[in-house]
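Throughout, read-outs are computed from the coordinates displayed, never taken from laboratory work. Model, not experiment: these values are computed from the prediction. Methodologically, a virtual Cβ is constructed for each residue, glycine included, from the backbone with ideal geometry; neighbour enumeration extends over all protein chains shown.
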Amino acid sequence: MTTDRMIRVIAGAFVLISLALGVESSPVFVNANWLWFTAFVGANLLQSGFTRWCLMETFLKKWGVKQAGAD
């Protein structure tokens, strides 16, 4: 799996987990403040779309995950 796909998987998982923890009707509800984490992930995705820089991509590269198109 490449960095591009892993970022999408990780961001999607973060959003779903934080929604599950932050929405009162969820069976695993903890606190509504978890919704701030959802907003943080969304803001990061938005800024990375404009700047083409993502902190998670930097970490994945350091951990040896291959980049898309880099054979």
Next item on the list: Measure nothing fancy, just the Cα-based angle from helix 35-51's long axis to the longest principal axis of the chain, in degrees from 0 to 90, nearest 10.
Entry: 30 degrees
Next item on the list: Find the relative contact order for the chain and round it to a whole percent, using C-alpha pairs within less than 8 Å whose residues are 6+ positions apart.
Entry: 38 percent
Next item on the list: Could you pull out the chymotrypsin sites (Phe, Trp or Tyr not before Pro) across the chain that fall in loop regions by DSSP (anything but H, G, I, E, B) with no more than 12 other Cβ atoms inside 10 Å?
Entry: 53, 63
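What's the longest bit of the chain with no exposed trypsin sites (Lys or Arg not before Pro), using DSSP loop states and at most 14 other Cβ atoms within 10 Å as the test? Please list the in-between numbers first.
On the way: sites that count: 52, 66.
Maximal segment without exposed cleavage sites: 1-51.
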Checklist line | Rough spin-label spacing in nm, given labels placed 7 Å along Cα→Cβ, for residue 45 and residue 1 | finding: 1.6 nm
Next item on the list: Please quote Rg/Rh for the chain to two decimal places, taking the Kirkwood radius as Rh and restricting both calculations to Cα atoms.
Entry: 1.07
